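> The structure under discussion is supplied below as structure tokens; questions concerning it will follow.
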Amino acid sequence: MPNNQRDFRLVFGRVLQTYGLLLMVIVLLVIFTFLNERFFTLQNLKNILEQNAALAIVAVGVTFSIISGNFDLSPGAAIALAGVVLALVYTHTNNMWIAAGAALGVSLLVGLFNGALISYFRINSVIVTLAAMIWARGLALGLTSADSIPFQSRFVEFMNNASFLGVSPIILLIILSFVLGWFLLGYTRLGRYTYALGGDSEATKQAGVNTALYTLLIFLISAFLVWTGTLVTVSRLSAGAPNAVYGLEFDAIVAVIIGGNSMTGGEGNLGKTLIGVLFIAILNNGLSTLGMRDSSFYLYKGFIILIALFFEVMSRRMIVKGQGSTLSGNETVSGH
Amino acid sequence: MTNNPLETSSTPPLAKRTVEFRKGEVISSIFSQFGILFIVILLAIVFGATAPRFLLVQNIVNIFKQVSVVAIMAIGMTMVILIGGIDLSVGSVALLAGATTMYFINHEVTNTPIAILLGLLASALVGLLNGVLVEKAKISPIIVTLGTMIAIRGLAQSILWLDNSWAWVKAPLFKFVANESILFFPLVVIVMLVMYLIFWFILSQTSFGRYLYAIGGNQKATYLCGIPVERVKIFAYTLCGFTAGVGGLVLISRLSAVSPAVGLRIEFDVITAVILGGASLSGGSGRLEKTLLGAIIVGMILNYLTIKGIPGTLQSAVNGFIILIAAVLDRLSKVRSAG
Amino acid sequence: MTQSLQESPPILEMTGITKRFPGVLALNRVNFSVKRGEIHSLIGQNGAGKSTLMKILAGVYSADEGTICMEEQPIHLRHPSDSLNKGIAIVYQELSLLPNLTVAQNIFLGREPGKWLLLDNKTIFNRSRQILESVGIDHIDIHTKIADIPLAQRQLVEIAKALSHNPKVLILDEPTAPLTGDDTKHLFDILKRLRSQGVAIIFITHRLKEVITYCDRGTVLRNGQTVGCVDIHNTSESALIEMMIGQKLENFYRSDTATKHLPKQEVVLEVQGLSVGKKVRDVTFQVRRGEIIGITGLLGAGQNELARALFGIENQVAGVIRRNGKPVRISSPSEAIYHGICLLTENRKEEGLILEMSVKENMTLPSLAFFRLSKWIPVVNHRKEHSRVEEFIRKVNIVTRSANTRLRTLSGGNQQKTIVARWLLRNLEILLFIEPTRGIDVGAKAEIYRLLSSLANEGKSIIVVSTDHVEVMGISDRVFVMYKGRLAKIFDKVEVSEEKLLFEIQGGVPHD
Ligand SMILES: Nc1ncnc2c1ncn2[C@@H]1O[C@H](COP(=O)(O)OP(=O)(O)OP(=O)(O)O)[C@@H](O)[C@H]1O
Ligand SMILES: [Mg+2]
């Protein structure tokens, strides 16, 4: 095979990998604008971000767990549970500080529980967090007899209406979460060990790292972000709802993967997650403004996500081929 | 050269250094091999003590009938998890099998056995599609099967809409399988056991089974041994679709109706059964007989919660916790034997 | 120079160390001690217990019985970080760098400089560069990922990493196995420097030449027991071998291992104008039936890629491959095997071993079709499989409890023997072996050479790729030297000498 073809593959694959999803985001924007003229307005774009704020915030935590080679399926249910607790405490005490503190406590407890089981008892993260997804949601439903608990407070008003230089507190929280995550991942020991754990946890341990402790810390960070997501969610609903943010965890994982982070861990960054989140957010909003039935909504969504993933995978393969490395027939995004 | 000050240099070479297993080692290795069996017994004791009805023969038979669906679907899931994959679409495939089979029967397109075959064929095709997307398009299995989970449910529901979104199971064969039993053994349980026997044989006695374990253990090395890794994996997904279809047909025979919600969220129970059975999600380890025990645990928990009359809203919470407790116990048994 | 130091008390002393694994007594009341400023070699056959003993020092395993004293204080090592804190650094037999991190990140893993959680990347980069420089491998870019550099360089990075701990005791478990002669010499220059600084160095190798030339004392293990500790300066290679195997040398192996054999004239494999990207350029040669060809060269001279291309696992392959005169297309291992070609790769951990499966299952993986009940029923005949595996366990001398033992629990050398046996059992016409004897002890090595030459006598053609030019010279009918991707020189067995070979390996420049 001539070399220039190989270089072309390498370059094209890199371009596709770096800008492919961004391109799809733009294509989506164009299509939805075409289908609905009110789509591409500043107001709606802001709206998209605020609607998907919990997703964006939680995706930061999910990025941590995926890079470290773990899965976290619990954030959606944890937000529901923490939100319900917040609402219950607030309606009883009328004090938002106490209520938010209680929600923080609940989030951290869920994270601590998950993290401890995964790190110290070494139980597979999928099963732990899948169970948490079930029990946390179940507790939220049980605590409220499946009703949502509406409430009014200055805090909610502030979150929804205040603005700093045109930026709402909710969007500010998204930015802060990403900045926090970016800082932790790139500039701290915790971040370095997050990557190391995903590469080879046994070797990391042999290098003298307290792997259990850092795994636990990763889940606590996730929990902190869950709390942030809870504040956003209750503010937008003005209630604590046991059925809130259903399926959020899947959206978050898909956003992280589709952005180009490796499913098996050890690699990835938040820039990719951000683009993935934008993609999912625009897709959610665009499809719902078209007003279609639930099942078709999911069909379209699934289909479009698959296309995006296909590009992501193609670009990876092209790079691999272009580098001329071996065993081309054999690696999967999910392989081991 | 000096003469070595060695008194031992005359001992024979490579004397076997193997020693007898100590009592503790034997016990702990049995414990780690069959730890899950102890968990089953432990749960039975605890549940029986707190809900006497739990241990009645009638109820135990009932548990097995309930377990059969998840257990059958867990067969294919074990294989897919063995190769380091996962299949979230099994619930939707179960619905698809039920919907297609009932469509053919109720509209008298074919007779019952052929309709069943067609339903199973459809299920296997979905499995094939999953396998091809994962292996040929190289998309991660979670995403692929999450996609087919949504899409196939949509497809199956569209088939149901042809019948006002609800189909009764009227075929006598289904009624027969659901209600009859041979010597205390309900037919559904016999179907389950036969499936387990067949697939146990495939996994432990054939080269295909060996390849599944090898791929899960080290895919690259297996490929370098000239094994057609892609084909083996695609076949595993196909078989998973097939067992999901069988599970779906058993499920609708027990429900005696196909509703759009058949098989919803069953994938969680199925995956839980496999993982409780000790399979590792990163592939390479897992045994079918333990998967069956895992499924029994899941069934026991669900049954117990119903007997205790735990309200539906809290049932899932308690279920989640009990599964975690089982996982912790399993882990502890392994830690003891490793230490 | 070591004379005065020999009187000093040991810096590290292990007494009565016993370690059991289920069913195996890996170490049986072993005594071992090292002093400041010595290079102490630990030798013994595959499975003797060397790595296990060192892992106890590294805090990976804990001993069932026995005590460890450092500087005359009893110490307890429960976690790898305990050992590092005590000044014990180790390079494991199986490399333990993280492939997804860069060289610099790996070197400082677990002890990144910086305040609290913050990393001080600038210091990490600068210090890494210094460290690589001090070890003389600053041609490696500290920002490349480990996954992107070849095995031998990974080994050097690993050594650099261990050195950067400034250890009092440095353990190297077969560090020279993937290295070439030059790199080995270079490594020992560094070790000598460390020795003069008072570092105690424990060195494991199966190359007794290295022991004789560079080490001060040696402890020999056999079957999990200490045989004795000798002063290397007054001993010989053969004496060491006798200690290792526990019997007189002449009963055990003949120095003339290769039985005479004559290749036939018939050409079974022909390679014409083969190129692999920029790594192999325009290579042409023929392989005859019953011939053993050795390919050697500097690291990265293209010999590995050449072999891999013949097995169908390289991209950008150009040129023609002919099997028995007919051009064939080989683009995957299964096609290669179909054409009667097999390959043992150099990276056994990633590309060979299936650690969770048994010795038996590992060995028969490519040959399962042989053990079918009948041609059309893919059911494995376990009895047949088992007896065949037992035969090969005996043939290549694998130390294992049984054929059903998990490969993970075997020693490194025995794992290697298992995957060598995998292809011997497959019984194909053309065997491509890259570094087949890496980490294998002297006795078993001789056994494998003997097996190879008897296979050649049966009419198999064998290509051995190795950076160990002595090994290559000893077994081959013809020796190929690769330099910068090209086939630089072909020697016949009669004309080859060590000088000439080294000269060609260096690309035709005089060797000093
Ligand atoms: N984790 C384990 N479980 C069970 N047995 C083990 C384990 N690790 C090592 N062994 C056994 O202990 C013995 C000593 O192994 P060890 O790895 O120390 O040998 P070695 O001297 O380093 O050999 P080599 O030269 O091949 O590296 C072997 O018989 C091996 O099978
Ligand atoms: Mg060893």
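The values are calculated or read from the model by the stated rules, or taken from the named source; none is laboratory data. Since this is a predicted model, take the numbers as computed values, not measurements. Note that each Cβ is placed from the backbone with ideal geometry, even for glycine, and that neighbours are counted across all protein chains shown. Keep in mind that these areas ignore ligands, DNA and RNA; they rest on the heavy atoms of the full protein, side chains included. Shrake-Rupley method; radii C 1.70, N 1.55, O 1.52, S 1.80 Å.
> From other protein chains only, count the Cβ atoms within 10 Å of every residue's Cβ in C:332-340, then give the mean. Spell out each step's value before the answer.
Numbers: counts 9, 11, 8, 1, 2, 4, 1, 0, 0.
Neighbouring Cβ atoms belonging to other protein chains average 4 per residue here.
> Treating the angle as unsigned and between 0 and 90°, give the value, to the nearest 10°, between the Cα long axis of helix B:112-135 and the longest Cα principal axis of chain B.
50
> Shape verdict for region A:56-245, please, from the Cα gyration tensor: rounded (a/c under 1.5), prolate (a/b greater than b/c) or oblate.
Details: a/c = 2.67, a/b = 1.54, b/c = 1.74.
Note, shape of region A:56-245 comes out oblate.
> Please report how far the C-alpha centroid of region C:354-390 lies from that of region B:172-202, rounded to the nearest whole angstrom.
33
> With r defined as the distance between the Cβ atoms of C:PHE125 and A:LEU29 and R0 fixed at 41 Å, what FRET efficiency is calculated, to the nearest 0.05?
On the way: r = 40 Å, r/R0 = 0.98.
Between C:PHE125 and A:LEU29 the formula returns 0.55.
> Near C:LYS484, which lysines are there with a Cα under 19 Å away, not counting those fewer than 8 places off in the same chain?
C:LYS278, C:LYS279, C:LYS500
> For B:LYS290, go through the aspartates and glutamates and keep the ones whose alpha-carbon is under 13 Å away, minus same-chain ones fewer than eight residues off.
Within the straight-line cut-off, B:LYS290 pairs with B:ASP330.
> Given R₀ = 22 Å, what would the calculated FRET efficiency be for C:HIS143 paired with C:ARG111, taking r from the Cβ atoms and rounding to 0.05? Intermediate results must be reported in sequence, preceding the final value.
Details: r = 19 Å, r/R0 = 0.88.
Using R0 = 22 Å, I get an efficiency of 0.70.
> Show which aspartates and glutamates lie in cross-link reach of B:LYS170 when reach means a straight Cα distance below 15 angstrom and same-chain residues fewer than eight apart are skipped.
Within the straight-line cut-off, B:LYS170 pairs with B:GLU108.
> Here's something else I'd like to know. Give me the angle, in degrees from 0 to 90, between the Cα long axis of helix A:189-199 and the longest principal axis of the Cα atoms of chain A, rounded to the nearest 10.
For helix A:189-199, the angle is close to 60 degrees.
> Follow-up question, since we're still on this one. For C:TYR449, A:TYR246, write out the residues from largest to smallest accessible area, computed with a 1.4 angstrom probe and no ligands counted. Provide the component values of the computation, followed by the final result.
Details: C:TYR449 30, A:TYR246 135 Å².
Ranking C:TYR449, A:TYR246 by accessible area, largest first, yields A:TYR246, C:TYR449.
> Separate question: Treating the angle as unsigned and between 0 and 90°, give the value, to the nearest 10°, between the Cα long axis of helix C:412-426 and the longest Cα principal axis of chain C.
So the inclination is approximately 10 degrees.
> Please express the shape of chain B as an equivalent ellipsoid: the semi-axes are the square roots of 5 times the eigenvalues of the C-alpha gyration tensor, given largest first in whole angstrom. Write out the running numbers ahead of the final one.
Values: eigenvalues 340, 146, 58 Å².
After scaling each eigenvalue by five and taking roots: 41, 27, 17 Å.
> Just to verify a number: what accessible area does B:TRP161 come out at with the full protein assembly present, 1.4 Å probe, Å² rounded to tens?
Counting only protein heavy atoms, B:TRP161 exposes about 120 Å² to solvent.
> Another one. Label B:PHE184 and C:GLN265 with points 7 Å out from Cα along Cα→Cβ: what is the distance between them in nm?
8.0
> Another question about this same structure. Extension gain C:GLU391-C:GLU94, at 0.36 nm per residue separation less the Cα-Cα distance, in nm?
On the way: separation 297, 0.36 × 297 = 106.92 nm, distance 2.75 nm.
Computed gain between C:GLU391 and C:GLU94 is 104.2 nm.
> Here's another thing I want to ask about it. Hey, could you pull the Cα Rg and Dmax for the protein assembly as shown, both in Å?
Using the Cα atoms of the protein assembly as shown, the pair Rg, Dmax is 32.0, 100 Å.
> Could you tell me the largest-minus-smallest coordinate of the C-alpha atoms of chain C on each of the three principal axes, in descending order and whole angstroms?
If we take the Cα atoms of chain C, the spans are 70, 51, 48 Å.
> Starting from the 7 Å offset along Cα-to-Cβ, what nm value, one decimal, do you get for the label separation of A:ARG38 and A:ARG122?
5.8
> Assuming R0 = 60 Å, can you tell me the calculated FRET efficiency for the pair A:LEU290 and C:TYR338, based on Cβ-Cβ distance, to the nearest 0.05? Walk me through the numbers before you get to the answer.
Details: r = 54 Å, r/R0 = 0.89.
Computed FRET efficiency for A:LEU290 and C:TYR338: 0.65.
> Within region B:288-327, which residues have the backbone N less than 18 Å from the label spot 7 Å out from B:LEU193 along Cα→beta-carbon, could you tell me?
B:288-297
> Chain B: longest stretch without exposed GluC sites (Glu not before Pro) (DSSP loop, at most 12 other Cβ within 10 Å), sites themselves excluded?
Details: sites that count: B:GLU7, B:GLU20, B:GLU108, B:GLU180.
Maximal segment without exposed cleavage sites: B:181-339.
> Could you check the spin-label model distance between C:ASN85 and C:GLU458? Points 7 Å from the Cα along Cα→Cβ, value in nm.
So the two model labels end up 5.6 nm from each other.
> Using a 1.4 angstrom probe, figure out how much accessible area the protein assembly as shown has per residue, in square angstrom, rounded to the nearest whole.
Values: 47740 Å² over 1187 residues.
Accessible surface, normalised per residue, equals 40 Å².
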